[in-house]
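What follows is a single structure, written as C-alpha cells, with notes after it.
The values are calculated or read from the model by the stated rules, or taken from the named source; none is laboratory data. Predicted model only: the values in this text are computed from it and were never measured. FYI the Cβ positions are ideal-geometry reconstructions off the backbone, even for glycines, and counts take in every protein chain you see.
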Amino acid sequence: MIRRLFTLLLAFPAIVHAQGMDSTVAERSLLIMAGMLPGIYDNANQAYFDQRRGLAEDDRHGRITTTITRVQAPAFGDYVYLWKNAMGAGEGGSTSYRLATLTADGADDEVTMQHYMKMSGEIRIEDLATLTPKDLRRTEGCDYFFKRRAEHFRGQQRDKACRFDWQGEPVYTANTIEVSDYDLFFVDHKYRIDTGERITGVASGEPFWLERARIFYCYADIPGVAGGRDIPFERYDDIVLHDRGGMEWFQTREAEPRTLGLTLRAVTWHVNNESDGNFNRDSLVIYALEKLKDGTVKAHSYAFTEPDAERIGMNLQWMLVNCTMTRRSEAVPALH
C-alpha cells in the first residue's frame, strides 16, 4: 500500500502539467484586452459639460468620436484594430486613421500596443489584406505598454522615448491610454524637447474622457399616429444612432419638406443642478430637432428614461419616434 501511494505521488506532478501550461500575466491580459477594446466611444458629455461649466476656451475638450474595430491585416499580426478618430461634430470636422496592434511579447506583465499611422486619407477595409507596415508610419519609441489596474488597463509610453518633428520643431510625447468596459481615456500631449514646454492638449492637462456607446435602431412616423387610429403616415426608417451623442438628420416627404433631426445621449452628469444637495441621476435622453430656413436649429422636445434602458421613444402627435437596441426584424414575441 505504501509503495502504491508513493508511486501515485511521483506521478501527480506529471498529471498536473499535462492539464495545461500557465500563461504569463501579459498573455492573459492580451486576451481580455482583445475583447474589451473594440467599440464606439464618444466624449459628448465631457464636451458639453466643459462648455456648461464655463471653462476657458483652452481648457475645453473638443468633441471626438473614436471607433475601434478588430480587423484582419495579416502583415500586422493576430490582434489588429482599425482605429478611427473623428474630431468635431458635424460639418467642419476631421478624421484620422491608424492601425493598432496588441502583442504580449515584451515584459511578463505588459501588453504592447503599436500604432501605424495613416498620414492622409482613409485606411479602407478592402486594402487590409495587402497592406504592410511599410505603407504606414510607425515612430520608434511611441509604443504603449499596458498593465491591468483594477477594472481597466492603463497604457503608458516610455519616458521621453517618443520623439519626432511636429510642425517643424522636435518634440516628445508622454501619452497614456486607459480602457475599460465603460470608458476610453487618453492623453495626447506634445512637449518641446529643448524647453520641456507642453504645446498641445487642454490647459489643465486633463485627459479626453470617451464613453462606450450602444447602437440603437430607430424610425420616425409623421404624423405620430396613436391609439390605433387609422390615419395615413409616412415612415422614415433605418435611422441608426449611438447613445453617446449620435445624431442623424433626414428630410421629410411632405408638400413643404422639413429637415428634422434625432439625437440620442446617455447623459453622465459632470455637475449637479438639483436643489438642497439632491443628486442628479444619469438618464438616456432622445431629442427631436429641426433645421429652420433661417439656418437656426429648433429643439422641439425630448424624453428620458433610465440610462441602461434598451428602448426609448416619444410621440409629439405630429411625429412619433421609436428607438430600440433590437432591430424590428429581429424582435420576437413575448409570452408575458
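Scanning region 171-222 for residues that are within 21 Å of Leu262 (Cβ to Cβ) and either among the acidic types (Asp, Glu) or surrounded by fewer than 17 Cβ atoms within 10 Å (Cβ to Cβ) (or both) yields Glu211, Ile215, Asp221. For region 244-252, does any single residue satisfy the condition of being farther than 21 Å from Gly88 by Cα, of a type outside the set (Gly, Ala, Ser) and either in a strand (DSSP E or B) or assigned by TED's automatic domain parsing to the domain that holds Ala104 (or both)? Scanning region 244-252 turns up at least one residue that is farther than 21 Å from Gly88 by Cα, of a type outside the set (Gly, Ala, Ser) and either in a strand (DSSP E or B) or assigned by TED's automatic domain parsing to the domain that holds Ala104 (or both). Considering Lys118, Lys84, the condition of being surrounded by 14 or more Cβ atoms within 10 Å (Cβ to Cβ), modelled with pLDDT under 95, not assigned by TED's automatic domain parsing to the domain that holds Arg244 and not hydrophobic (A, V, I, L, M, F, W, C) is satisfied by Lys118 alone. If you go through region 75-97 one residue at a time, do you hit one that is among the acidic types (Asp, Glu), part of a strand (DSSP E or B) and over 21 Å from the mean Cα position of the chain (by Cα)? No, there is no match, as no residue in region 75-97 is among the acidic types (Asp, Glu), part of a strand (DSSP E or B) and over 21 Å from the mean Cα position of the chain (by Cα). Only one entry in Gly205, Gly227 is at positive phi and in the same structural domain as Gly246 (by TED's automatic domain parsing), namely Gly227. Put simply, of Tyr48, Tyr41 the only residue that is of a type outside the set (A, V, I, L, M), in a helix (DSSP H, G or I), under 28 Å from Arg198 (Cβ atoms) and at pLDDT 95 or above is Tyr48. Within region 283-308, residues that are assigned by TED's automatic domain parsing to the domain that holds Val240 reach partners that are of a type in the set (Asp, Glu) and modelled with pLDDT of 95 or more with beta carbons closer than 8 Å, at six or more positions or on different chains, in the pairs Ser283/Glu306; Leu284/Asp243; Leu284/Glu306; Leu284/Asp308; Val297/Glu290; Lys298/Glu290; His300/Glu290; Pro307/Asp282. Annotation: Ile177 fulfils all but one of (1) in contact with a Phe, Trp or Tyr (Cβ under 9 Å, 6 or more places away or on another chain); (2) among the β-branched types (Val, Ile, Thr); (3) part of a loop (DSSP other than H, G, I, E, B); the unmet one is (3).
Considering region 227-247, the residues that are within 29 Å of Thr296 (Cβ to Cβ) and surrounded by fewer than 16 Cβ atoms within 10 Å (Cβ to Cβ) include one that is modelled with the highest pLDDT, namely Val240.
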